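Asker: I am attaching a structure below and will ask some questions about it afterwards.
The numbers here are math on the coordinates, done by the rules we state, and not lab data. In this text, all values refer to a predicted model and were calculated from it rather than measured experimentally. Methodologically, a virtual Cβ is constructed for each residue, glycine included, from the backbone with ideal geometry; neighbour enumeration extends over all protein chains shown.
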Amino acid sequence: MKKPAFALSLSLLLATSVDAATLIHAGRLIDGISPNAATQVTITVDGDKITAVERGFTKPAKGDSVIDLRDKTVLPGLMDMHVHLTAEYSKDDRLNDFIMNEADYALKAVKYAKRTLESGFTVVRDLGDAFNVTIALRKAINRGDVPGPLIFTATKILSSTGGAGDPTNGWAYHLQDDPGPVEGVVNSVEDARKTVRQRYKEGADWIKITATGGVLSVAKSGQNPELTDEELRAIVDTAADYGMRVAAHAHGTEGMQRAVAAGVASIEHGTYMDDEVMNLMKQKGTVYVPTLMAGEWVGEQAKIEGFFPELVRPKAAAIGPVIKETFARAYRAGVPIVFGTDSGVSAHGDNAQEFALMVHAGMPTMEALQAATSVAARFLGIEETHGSIEIGKQADLIAVSGDPIENIKVMERVTFVMKGGEIFKDH
Ligand SMILES: [Zn+2]
């Protein structure tokens, strides 16, 4: 007789604890999908999921708790498709290669991940780290050991010798050695396959390549193509064997065209994107991640005497205004655009400044917000669980004071962050 009675009382206990929910009273809701905002909405969160979205402010049942966001706008957690969580560029950046150890990068990354989450970004794609720190960071965040966004990471960047991702670029000759596929340096089809497989072995989710020169690498050209058609195809095809897609850093037209033709998933920066490349991207469904903030930031720093090495300064000064103009043309041409900032060039936590730049360059505000929510989720392949405030989705949501449609700058002051039903910021 004792046994069934115990089982009954336990099941009753489970039933009440499962039923206790959190009701979020949202004054205004931008759900990530609808073309217009709704007002006075109740979002019910049970555990880590959204279980109801209803008009009006629902009264809590016994045991339920209420989060009062009646004077706020609630949105889905934001997603940044281009960050570097182990870095934050400074005047002395190049010195770091010689004085920073793995643990130093790891501890900085913990700080940057927290800042990123507290600014409203619950998902990021990291496109280049140091020492695979983002793999350990991803695990620590998923375990709940440290706060941070859900991370998809490319770990080390792939590049050719002297390319924008060559880790010894600009060093004294006697220190350069000859980095190879394990370090991400590719000079043949064989190297290309090896380096992709190496990233897979280490736990990368994505492959990041530098298809052309870079602004901040200490090299003369920011535009030259750096990989052959054969190398690019080997990278994309090998990545596909392991279920990975490729993100291509590209400023110059020729390297960008080759990368798109080879089948990369995204073009990062895209500075000198011409009409032909735009058409090819539309044909192939290649996504553009503009990183307007990076262009803006390097342009500003280039005005400061001695901030950049002399090889870098003219490239930095030239590129900012061009990216903005390219973004406007790409939007008008109908190239698919996903939100990305290159944070780690600019400061982590400033990510939402990208919205105002997108809107000022001609993208309607709601589209800019969706580029960082439902559109980004679809791009990552996590649209079943992320990117919108709908029943069954993971409870990743944020709040801001004021109406982003009226003033996009309010996105830069996020006051509330919930990730997976857990509150990480509320002030
Ligand atoms: Zn970058």
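Asker: Let me know the shape class of the stretch 139-277, please: from the alpha-carbon gyration tensor, a ≥ b ≥ c as square roots of the eigenvalues, rounded when a/c is under 1.5, otherwise prolate if a/b is greater than b/c, or oblate.
Answerer: Verdict is rounded for the stretch 139-277.
Asker: What does the extension gain come out to for Asn279 and Asp403, with contour length at 0.36 nm per residue minus their alpha carbon separation? Intermediate results must be reported in sequence, preceding the final value.
Answerer: Details: separation 124, 0.36 × 124 = 44.64 nm, distance 3.52 nm.
In short, 41.1 nm is gained.
Asker: To the nearest 20 debye, what is the magnitude of the charge dipole of the stretch 20-104 about its Cα centre, counting +1 on the Cβ of each Lys and Arg and -1 on the Cβ of each Asp and Glu?
Answerer: On the way: 9 positive and 14 negative charges, 151 e Å.
That gives a dipole near 720 debye.
Asker: Please identify every one of the trypsin sites (Lys or Arg not before Pro) in the stretch 150-232 that sits in a loop by DSSP and has no more than 13 other beta carbons within 10 Å of its own beta carbon.
Answerer: Those that pass, being in a loop and sparsely packed, are Lys220.
Asker: Just how large is the dipole of the stretch 137-218 about the Cα centre, in debye to the nearest 20, putting +1 at every Lys and Arg Cβ and -1 at every Asp and Glu Cβ?
Answerer: On the way: 10 positive and 9 negative charges, 87 e Å.
Rounded to the nearest 20 debye, it is 420 debye.
Asker: A follow-up question, please. When only C-alpha pairs under 8 Å and at least 6 residues apart count, what is the relative contact order of the chain, in percent?
Answerer: Value for the chain: 18 percent.
Asker: Compute a Gaussian network model of the chain, connecting alpha carbons closer than 10 Å, and tell me which residue from Gly144, Gly252, Gly214 fluctuates the most.
Answerer: Gly144
Asker: Among bridges DSSP assigns within the chain, what percent are antiparallel (round to 5)?
Answerer: 45 percent
Asker: Treat each spin label as a single point 7 Å out from the Cα along the C-beta direction, and report the Thr39 to Lys59 distance in nm.
Answerer: Placing both labels 7 Å along Cα→Cβ, they lie 2.4 nm apart.
Asker: What GluC sites (Glu not before Pro) does the stretch 271-309 have in DSSP loop regions with at most 12 other beta carbons within 10 Å?
Answerer: Values: sites: Glu276, Glu296, Glu300, Glu305; in loops: Glu305.
Of the GluC sites (Glu not before Pro), the ones in loops of the stretch 271-309 whose Cβ has at most 12 other Cβ atoms within 10 Å are Glu305.
Asker: I'd like the Karplus ³J(HN,Hα) series for the stretch 235-241: coefficients 6.51, -1.76, 1.60, θ = phi - 60°, whole numbers in Hz, and an x wherever there's a Gly or Pro.
Answerer: Working through the residues one at a time gives 5, 5, 5, 5, 4, 4, 4 Hz.
Asker: Give the residue from Ala140, Gly203, Ser346 lying farthest towards the positive end of the charge dipole for the chain; charges sit on Cβ (+1 for Lys and Arg, -1 for Asp and Glu) and the dipole is referred to the Cα centre.
Answerer: Projecting each Cα onto the dipole axis, the largest value belongs to Ala140.
Asker: Taking θ = phi - 60°, what integer Hz values does the Karplus form 6.51 cos²θ - 1.76 cosθ + 1.60 yield along the stretch 116-129, in sequence order, with x for Gly and Pro?
Answerer: 5, 4, 5, 8, x, 9, 9, 9, 9, 10, 8, 10, x, 10
Asker: Quick one: Debye curve from the C-alpha atoms of the chain, no solvent, what's log10 I(q)/I(0) at q = 0.09, 0.13 Å⁻¹?
Answerer: These q points yield log10 I(q)/I(0) values of -0.56, -1.09.
Asker: Still on this structure, I have one more. Name the residues whose placed amide hydrogens come within less than 5 Å of the amide hydrogen of Asp64, ignoring near sequence neighbours (fewer than 5 apart) on the same chain.
Answerer: Close amide H contacts, sequence-distant or interchain: Ala21.
Asker: Now, a different point. Okay, helix-only estimate at 222 nm for the chain: each DSSP H run of n ≥ 4 adds -39500 (n - 2.57), divide by all residues, round to 500 deg cm²/dmol; what do you get?
Answerer: One gets -11000 deg cm²/dmol as the mean residue ellipticity at 222 nm.
Asker: Beyond 32 Å between alpha-carbons counts as too far, so tell me which of Lys284/Lys425; Lys139/Lys324; Lys59/Lys111; Lys282/Lys409; Lys62/Lys393; Lys201/Lys284 fall in that bin.
Answerer: Those over the limit are Lys284/Lys425; Lys139/Lys324; Lys59/Lys111.
Asker: Using the Karplus curve 6.51 cos²θ - 1.76 cosθ + 1.60 with θ = phi - 60°, what ³J(HN,Hα) values do you get for each residue of the stretch 45-50, in whole Hz, with x for Gly and Pro?
Answerer: Values, residue by residue: 10, 10, x, 9, 10, 8 Hz.
Asker: Okay, next question. About its Cα centre, what dipole magnitude does the chain give when the only charges are +1 on Lys and Arg Cβ and -1 on Asp and Glu Cβ, stated in debye to the nearest 20?
Answerer: 1100 debye
Asker: Please list the non-local residues whose amide H lies under 5 Å from the amide H of Gly402, H modeled 1.01 Å from N, same-chain partners needing a gap of 5 or more.
Answerer: HN-HN under 5 Å from Gly402: Thr73.
Asker: Mind listing which GluC sites (Glu not before Pro) in the stretch 69-118 are in a DSSP loop and have 10 or fewer other Cβ atoms within 10 Å?
Answerer: none
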